[in-house]
Every structure is written in structure tokens, then in C-alpha cells.
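A short write-up of the structure that comes next.
What follows is calculated from the coordinates using simple rules that are stated; it is not laboratory data. Everything numeric in this text was worked out from a predicted model, so none of it was measured. Every residue, glycine as well, gets a Cβ built from its backbone with ideal geometry; the counts of neighbours run over all protein chains shown.
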């Protein structure tokens, strides 16, 4: 396995302004400016305030991080957040130097990342529940192991919590990844219908059982 790598936020590519075109007639130009003024202002503000980003399905590592630290994901459609969660899991399976990554982020970007975290965990967890029940009994243990490994890998993101900036001590106001996950699970179960709630409970029971087994696997004496 290669060494841990920091991930830098992608920057927008250089863009050349479109060439000026002459318009026929003063009235046509005036009408065009009037009807397009508000739209033009919105487009200019969007392009200047946010970097150029590919859709999550086609984004590279730097752009995936840019999605987390520049966009308000609560304003994005569920499918966009689901696609982003899937791509993040695919791209960050290996080791990541979270501390080095944190040094590339501004305080505002850290706050944005932590604000966006709950909105990603919900579709991610929902996908895992559906995936679990789409497998045979024999396939499920390996699937659960993969989920536990993913959570373990991503727990390193805790060093990016806003309170860690400039040596500040962590406070309970910004929970870590595990606590945020528990909060989202509770909220999802409260909002789910009876059938969905029952499925989530079965999935979580399997996850917790396997988690405890793995935690004690290296402690318990071997059978003879």
C-alpha cells in the first residue's frame, strides 16, 4: 500500500471571455440587457464564488473535496448527494493523510465540510441498508466488514473539525464522525415507515454484532 496522501481542493480552470459581438439596433441591445440582467448577475456570482466542478460521478479527488468545502449540500438534490457519497467512498478507500489535508483548508472550508457531513451520511447509510438486503445470507458478513472498514478509514476526518484550528481544544458542540452517524441513524429511524424502520434495525443489529465481534477477536483466547 502506498503512503498516505493529502488531498488538495481543485481550482477552477482558466476561462477566456467570449468575444464581443456587435448587435444590430440600440433597441435590441437595450432589451437584451434588461431581460437578461438578473440572470447574468446570478451566473456571474455563481462562477466567481464557487469553483468549477464536474458532476460527482466524473469528479476527481480534488473536486470531490471541493464539493464538500465549497457547496451547501443541503441545497443539492438527494441524487446528487447520493452520487457524491458513493464517489467519496470509491476514491478514499486507501490511506489518506487527514492532517495534511486539513492544512490545505481554510477555517471557513472546515466549517462547510462539517456542515455538509450529515447530508452525505444519510444517503450513504440508506444505500448500505438496501445493499445489505439485496445480498444472500452468505454474502452479508463480507459486506458488513467492508462497511466497518470504511467507517474506520473515515474516522480520521475528525481532525478536520473546526475546533482543531490553531490548537483550539475540541468541544462537544462539534461531534465526531461516529456521533454524527448515530444522530443521522436516530433521525432516519424516526422518519421512516414501519417496514423501513424494521429493515434498518436488522441491518444495524448485524453491523453492531459484527463490530463487537471484531473488537474482541484479537482479545479472546484461541480455542484448542
| query | Each label point is 7 Å from the Cα along the Cα-to-Cβ direction; what then is the distance between the points at residue 186 and residue 142, in nm? | reply | 3.6 nm
| task | State the extension gain, in nm to one decimal, for the chain segment bounded by residue 153 and residue 205, taking 0.36 nm per residue of separation less the distance between their alpha-carbons. | result | 16.6 nm
| field | Using a Förster distance of 35 Å, the FRET efficiency for residue 135-residue 54 (Cβ separation, nearest 0.05) | value | 0.65
| request: Report the label-to-label distance for residue 91 and residue 216 in nanometres (one decimal), using points 7 Å from each Cα along the Cα→Cβ vector. | output: 4.0 nm
| task | Just subtract the alpha-carbon distance of residue 111 and residue 127 from 0.36 nm times their residue separation and send over the number in nm, one decimal. | result | 3.2 nm
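Would you list 121, 78, 53 from fewest to most Cβ contacts within 10 Å?
78, 53, 121
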